[in-house]
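Enquirer: Got a structure for you, written out below as structure tokens; questions coming shortly.
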Amino acid sequence: MEAVEVVAAVVERDGRYLITRRLEGTHLAGLWEFPGGKILPGEKPEDALRRELKEELGVAPAVEELIQTVDWTYPEKSVRLLFFRCSLAGEPAPLEGQEMRWVAGADLASYSFPDADATLIARLSRR
């Protein structure tokens, strides 16, 4: 099974991280995540992240360093997640009807995230 490549933005402001909730009808619906999405064929990961955050949240991110890569297999698909530290120009707004929150690092573990995010959540929770 070929892995789907996905990018995600880890955005921190004043000790809080930006998370969004996956919409009903999507893979892993109802779980919280760091915003982002699939990399399109021929697209660079950083460009995919800029496109996804513009579409989902109406903001232009400054994509900074890659902080973690996770290869994960769910029963229905395999994913390669690339987590990038990002900063945002402007205020994000949930343009696709998704829930959005700013959450303190210590509180991230109290939200339901996909299993593939567990290592990153643990790392950010300890900061």
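Enquirer: Determine whether ARG80 is out of contact with any Phe, Trp or Tyr (no Cβ under 7 Å at 6 or more places or on another chain) and within 18 Å of THR20 (Cβ to Cβ).
Expert: Against the criterion (out of contact with any Phe, Trp or Tyr (no Cβ under 7 Å at 6 or more places or on another chain) and within 18 Å of THR20 (Cβ to Cβ)), ARG80 does not qualify.
Enquirer: In addition: Only residues that are open to solvent by 30 Å² or more (accessible area, probe 1.4 Å) and either part of a loop (DSSP other than H, G, I, E, B) or of a type in the set (A, V, I, L, M) (or both): list them for the range 64-84, please.
Expert: Correct list: LEU66, PRO75, GLU76, LYS77.
Enquirer: If you scan the range 38-63, which residues turn out to be more than 15 Å from VAL11 (Cα to Cα) and either open to solvent by less than 20 Å² (accessible area, probe 1.4 Å) or among the acidic types (Asp, Glu) (or both)?
Expert: Selection gives GLU43, ASP47, ALA48, GLU55.
Results for (1) over 12 Å from the mean Cα position of the chain (by Cα); (2) within 14 Å of GLU5 (Cβ to Cβ), shown as yes or no for each residue.
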site: THR26; (1), (2): yes, no
site: PHE34; (1), (2): no, no
site: GLU52; (1), (2): no, yes
site: ASP71; (1), (2): yes, yes
site: LEU82; (1), (2): no, yes
site: CYS86; (1), (2): no, no
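Enquirer: How many residues does the range 95-104 hold that are at pLDDT below 95 and either closer than 23 Å to GLU76 by Cα or open to solvent by less than 30 Å² (accessible area, probe 1.4 Å) (or both)?
Expert: Residues in the range 95-104 being at pLDDT below 95 and either closer than 23 Å to GLU76 by Cα or open to solvent by less than 30 Å² (accessible area, probe 1.4 Å) (or both): 1 in total.
Enquirer: Something else about it: Cβ-Cβ under 9 Å, sequence separation 6+ or interchain: first residue in the range 61-88 and within 21 Å of THR26 (Cβ to Cβ), partner open to solvent by 60 Å² or more (accessible area, probe 1.4 Å) and of a type in the set (S, T, N, Q). Which pairs?
Expert: These pairs meet every condition: VAL70/THR119; VAL79/THR73; ARG80/THR69; LEU81/THR69; LEU82/THR69; PHE83/THR69.
Enquirer: Evaluate the range 22-34: report whether one residue or more is assigned to a strand (DSSP E or B) and closer than 17 Å to ILE121 by Cβ.
Expert: yes
The values are calculated or read from the model by the stated rules, or taken from the named source; none is laboratory data. These numbers come from a predicted model, not from an experiment. With ideal geometry, Cβ positions are generated from the backbone for all residues, glycine too; neighbour counts draw on all protein chains shown. Note: areas computed on protein heavy atoms with side chains; ligands, DNA, RNA excluded. Shrake-Rupley method; radii C 1.70, N 1.55, O 1.52, S 1.80 Å.
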